[in-house]
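Right, one structure below, let's go through it.
The values are calculated or read from the model by the stated rules, or taken from the named source; none is laboratory data. Bear in mind that the values here come from a model prediction, so they are computed numbers and not experimental data. Counting neighbours? That spans all protein chains shown, and the Cβs are built from the backbone with ideal geometry, glycine included.
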Ligand SMILES: Cc1ncc(COP(=O)(O)O)c(C=O)c1O
């Protein structure tokens, strides 16, 4: 398929408006000297171009999307409708507060809801993604420890099952990231944790349920040990979908948390769509929160010892509107039922597949489970990647591959609560058919996909020689 720049024809699609005759009164400096290099194409052709691109993508509206650790759930359309209301879309954060009372009230209400769900005392909506929420939380921990004069605490403990953003955020926040081993059951290895705790411990970052889909049964011991060593406990809330309304991170010893509103609380985030990673904390950390808040509808104030700004204003405000609508729609009974059904769906699939696809940790899972293709790979030379590619031929988005790093040939499957029993049964049948093909004709699986717009890509070449910029022939 041609790029839109390759379809561009000089002068095409430029004739809707006459040339502007309003004199430009900006000072000279910000003027561009050359015209922006935009594709010149008719509206009709442009519409077709983007529609055909959209048809090549796979989203939650196209089919099953069990992308582990990403919670690709159905996003109720009412959320989009609410976030499109002119009263939300057309306001500006620099308007006088008395003209945006409703918007500020919603932020306060949403903060209350999320505090109730997590057990935290205060929340900032500034972070625009989960990773930025992590970074914010770590800066809060740092500011708090430094305020107490504990400058020597510069180590953040991160389990080896953690998402890559955890050690990255710790490093960006100026800490040393220390890896803690998982035990044979996929939980934090308590002995390894104890051996790394000490006067340098600033805190621990933990995802619970973790990225192998297991709730750490030692969680109370883990958070107690970290606190006894003088560190703080950070909860990576990316997997909150499995426990929301049932377990509150604050009640199991966490001091600071981020949530991925764009996973747990709806908002499609595929393709880098807008996110919101609010960071919540216990009251002793709230004096360090970033940004401005308006609690009385009249004035914006900054926390006493604020770490500054992470983004402008309330981050991605419209994503917050979607989360607010989602929580209101579910109500206090609906929120825990999301978690229960997410766990039920994952266990249903796990049970129906584990006789042929060995699960990494054979126990009741939470909202996702990890299968390992290692044995199949050894025997039939079919990898997790091959199975992922074969799924594409069945109209399914593949699960997350090769993550978590502690499981060889991993496929991480997260069906989410919004899939019906019929969809799950269809997906199970597809996995079983692919297994049959692995046994009978592995070469077909190895050659998949065959029905997609592009077939197997040279992944090494793509990684080593990425084409990040269009060459205009210069
Ligand atoms: C466990 C976990 N933590 C953190 C993140 C980071 O979230 P984001 O992609 O919004 O930055 C992810 C994202 O996939 C995740 O799965």
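Does residue 39 fit the bill of being in contact (Cβ under 8 Å) with a residue 12 or more places away in the chain and either under 30 Å from residue 414 (Cβ atoms) or surrounded by 10 or more Cβ atoms within 10 Å (Cβ to Cβ) (or both)?
It is true that residue 39 is in contact (Cβ under 8 Å) with a residue 12 or more places away in the chain and either under 30 Å from residue 414 (Cβ atoms) or surrounded by 10 or more Cβ atoms within 10 Å (Cβ to Cβ) (or both).
What pairs can you find where one residue is in the range 180-195 and within 13 Å of residue 223 (Cα to Cα), the other is assigned to a helix (DSSP H, G or I), and their Cβ atoms are less than 6 Å apart, with a gap of 6+ or different chains?
188/222
Which of the numbered conditions does residue 63 fail, given that it passes all the others? Conditions: (1) outside any loop (DSSP other than H, G, I, E, B); (2) in contact (Cβ under 8 Å) with a residue 12 or more places away in the chain; (3) within 33 Å of the chain's Cα centre (by Cα).
The one condition residue 63 does not meet is (1).
All but one of (1) part of a strand (DSSP E or B); (2) assigned by TED's automatic domain parsing to the domain that holds residue 101 hold for residue 310; which doesn't?
Going through (1) part of a strand (DSSP E or B); (2) assigned by TED's automatic domain parsing to the domain that holds residue 101 one by one, residue 310 breaks only (1).
Being at pLDDT 90 or above and either surrounded by fewer than 10 Cβ atoms within 10 Å (Cβ to Cβ) or at positive phi (or both) is the requirement here; does residue 6 meet it?
Here the answer is yes, as residue 6 does meet what is asked.
Can you name every residue in the range 270-288 that is on the phi > 0 side of the Ramachandran plot and away from the ligand (no atom under 13 Å from the Cβ)?
Residues satisfying the conditions do not exist here.
Looking at (1) more than 19 Å from residue 72 (Cβ to Cβ); (2) outside any loop (DSSP other than H, G, I, E, B); (3) in contact (Cβ under 8 Å) with a residue 24 or more places away in the chain, which is the only condition residue 333 fails?
(3)
Looking at the range 134-170 only, could you name the residues that are within 16 Å of the ligand (Cβ to nearest atom) and over 25 Å from residue 216 (Cα atoms)?
Matches in the range 134-170: 139 only.
Select from the range 99-128 the residues that are in contact with a helix residue (DSSP H, G or I) (Cβ under 9 Å, 6 or more places away or on another chain), surrounded by fewer than 22 Cβ atoms within 10 Å (Cβ to Cβ) and not in a helix (DSSP H, G or I) and list them in ascending order.
Within the range 99-128, 119, 121, 122, 128 qualify.
Give the number of residues within the range 235-269 that are part of a loop (DSSP other than H, G, I, E, B), more than 13 Å from the ligand (Cβ to nearest atom) and farther than 16 Å from residue 113 by Cα.
3
Could you tell me whether any residue of the range 183-198 is within 21 Å of the chain's Cα centre (by Cα), surrounded by 15 or more Cβ atoms within 10 Å (Cβ to Cβ) and within 16 Å of the ligand (Cβ to nearest atom)?
No, the conditions are met nowhere in the range 183-198.
Being out of contact with any helix residue (DSSP H, G or I) (no Cβ under 8 Å at 6 or more places or on another chain) and either surrounded by 10 or more Cβ atoms within 10 Å (Cβ to Cβ) or outside the structural domain of residue 346 (by TED's automatic domain parsing) (or both) is the filter here, so list the residues in the range 444-458 that pass it.
Those that are out of contact with any helix residue (DSSP H, G or I) (no Cβ under 8 Å at 6 or more places or on another chain) and either surrounded by 10 or more Cβ atoms within 10 Å (Cβ to Cβ) or outside the structural domain of residue 346 (by TED's automatic domain parsing) (or both): 447, 450, 455.
Quick check on my filter: what residues within the range 285-304 are loosely packed, with under 13 Cβ neighbours inside 10 Å and touching a residue at least 24 places away in the same chain (Cβ under 8 Å)?
298, 299
Kindly provide the set of residues from the range 199-217 that are within 15 Å of the ligand (Cβ to nearest atom) and either over 19 Å from residue 342 (Cβ atoms) or in a strand (DSSP E or B) (or both), ordered by number.
Result: 204, 205, 206, 207.
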